[in-house]
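These notes concern the structure reproduced below.
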Amino acid sequence: MRKFFKNFIIISILFILFFIITAYSYATTISNGLAENIFRLHILANSDSEEDQTLKLKVRDAILNYMETLTADMSDKQAVITLAKEHTQDFKKIAEQTIQENGYSYSANIEIGNFYFPTKYYGNISLPAGNYDALKIEIGKAEGQNWWCSLFPPLCFVSVSSGVVDEEGEEYLKENLSDEEFAIVSDSSDKVQFKFKIIEFLNKKG
């Protein structure tokens, strides 16, 4: 009996270790796949006041209008990032001009890099927590609520106002993500949501 119990404990521990290793490997694979195919826009308002939040959206619109003229018909993430880096000063000028036109004196800090993001829900699309390449715009003290979207695939230009990714946006995602990656960000079934929670848990910071 003692031997049986000992073997049971060993098998249970091995099973748990196998599950943890498999889950970690899966989460890493999916997270890396999403990170390799997504370039995000992240804008942080000066504060949470109604005025600063409204200003944030005006800066967003000005940046997106300019970005759309630059990246129209581009189908490669790295090409979009390279182009964005070449126009960093233009983004700063546009953001600060918009800020000044609305009666504020805040500065705008522009940075393109790899940043940690918590889990974000964009209507019917969810991106698990993890590190993603992004164009980050900080307005003033950057202590207010942030706004985000995806510059590539170009979801920012599909449905900025509604916050819901429509059929065209989903097609962009399907074209640039693997079947499993697309299922993770778009499927609400219990099985897929369990996988999403595993990725979210293993990638959670702090």
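Quick note: the coordinates plus some simple rules give every number you see, no bench work behind them. Bear in mind that the values here come from a model prediction, so they are computed numbers and not experimental data. Cβ placement follows ideal geometry from the backbone for every residue including glycine, while neighbour counts extend to all protein chains displayed.
Here are the numbers:
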{"read-out": "Among 152, 194, 117: highest mean-square fluctuation, GNM of the chain, C-alpha pairs under 10 Å", "value": "194"}
{"read-out": "Backbone HN-Hα couplings from phi across segment 99-110 [Karplus 6.51/-1.76/1.60, Hz, Gly and Pro as x]", "value": "4, 5, 5, 9, x, 10, 10, 5, 8, 10, 9, 10"}
{"read-out": "Modelled FRET efficiency - R0 22 Å, residue 193 with residue 15, Cβ distances, 0.05 increments", "value": "0.45"}
{"read-out": "Most to least packed among 69-82, 137-150, 90-103, 34-47 [average Cβ atoms within 10 Å]", "value": "34-47, 137-150, 90-103, 69-82"}
{"read-out": "Convex hull per residue volume in Å³, alpha carbons only, for segment 32-121", "value": "116"}
{"read-out": "Relative contact order (%) - the chain, alpha-carbon pairs under 8 angstrom, separation at least six", "value": "30"}
{"read-out": "The chain: C-alpha pair distances exceeding 24 Å, %", "value": "48"}
{"read-out": "From phi via Karplus (6.51, -1.76, 1.60), per-residue ³J(HN,Hα) for segment 74-87 in Hz, x at Gly/Pro", "value": "6, 10, 9, 4, 4, 5, 5, 5, 4, 5, 4, 5, 5, 10"}
{"read-out": "Net charge of Cβ neighbours under 15 Å - reference residue 30; Lys, Arg +1; Asp, Glu -1", "value": "-2"}
{"read-out": "Length gained when the stretch residue 97-residue 75 is fully extended (0.36 nm per residue, less Cα-Cα span)", "value": "5.0 nm"}
{"read-out": "192, 185, 59 arranged by Cβ crowding within 10 Å, fewest neighbours leading", "value": "192, 185, 59"}
